[in-house]
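Okay, structure first, notes after.
Computed from the coordinates by the stated procedures, all read-outs in this text should not be read as laboratory data. Just so it is clear, the structure is predicted and the values come from calculations on it, not from any experiment. Here the Cβ is made from the backbone with ideal geometry for all residues, glycine too, and neighbour counts use every protein chain on show.
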Amino acid sequence: MRRIVILISGRGSNMRAIIRAAQNEEWPAQIAAVISNKADASGLAYAAEHGIPALVVANKDYPSREAFDAALQSKIDSFTPDLVVLAGFMRVLTTPFVAHYAGRMLNIHPSLLPSFVGLATHRQALAAGVKLHGATVHFVTAELDHGPIVAQAAVPVLADDTEDTLAARVLEQEHIIYPRAIRCFIDGRLSVLDGVVRINQAA
Ligand code: GRF
């Protein structure tokens, strides 16, 4: 069994989609732990209800970004994960932390990268007037919201969209592509060459 640790900061709807897919599709993988940097993250209760260790490592308890990342890393590593999944984990990570999980840490970002990095991606998309928007699953590298792209989904931007309606349409796709991308990882089907991900055919 492969071991997955999921990091969240809030409601954890992507985390729920991943837990659901792992159970329904009987993944050869176990969600070993869910860790939040916020004590009030509502996703923690869902994980605990599903028998998954749900822990808090609160960034506010640490004097620096480096100290927090070191504490988080040692907590994550106590679960010996094959893969670390960032699912709405709202922290900029230090370079040593990212390097430690190189090739085994995924993130989902609510835009079609490389467009619209950072925060308020739906607002950015509306302001740019793009007609397609979406979500991206990528390997995490030192540069924020960059890194080899594993999966993307596009949705139309409608004339009467608000940030909320657009976010909801994108989120629906996130819940499809993130579990699918993780499944490819745990099945050993992803390889990266020159920053480009190749998804190998299932054996
Ligand atoms: C998602 O839109 C994700 O792409 C972004 O933060 C949001 C988290 O939502 N990184 P949830 O906590 O998974 O519901």
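A few comments on the model shown:
- Three semi-axes of the equivalent ellipsoid, the chain, Cα gyration tensor, whole Å, largest first: 25, 20, 18
- Loop-located GluC sites (Glu not before Pro) in segment 106-203 whose Cβ has at most 16 other Cβ within 10 Å (DSSP): GLU143
- Relative intensity of segment 115-171 on a log10 scale, I(q)/I(0) at q = 0.18, 0.22, 0.23, 0.26 Å⁻¹, equals -0.61, -0.85, -0.91, -1.08, per a Debye sum over C-alpha point scatterers of equal strength in the absence of solvent.
- Computed from label points 7 Å out along Cα-Cβ, the spacing between THR95 and ALA202 is 4.1 nm.
- Candidate cross-link partners of LYS75 among the lysines, defined by an alpha-carbon separation under 22 Å and a same-chain spacing of 8 or more, comprise LYS38, LYS60.
- Inter-label distance for ALA159 and LYS75, nm, one decimal - labels placed 7 Å from Cα along Cα-to-Cβ: 4.9 nm
- A simple spin-label model places the labels of ARG180 and ALA120 3.1 nm from each other, with each point 7 Å out along Cα-to-Cβ.
- A Förster radius of 22 Å combined with the Cβ-Cβ distance from LYS60 to LEU144 puts the calculated FRET efficiency at roughly 0.55.
- Length-normalised contact order of segment 139-197 in % [C-alpha pairs under 8 Å, at least 6 apart]: 38 percent
- Going from the residue with the fewest nearby Cβ atoms within 10 Å to the one with the most, SER115, SER191, SER13 rank SER191, SER115, SER13.
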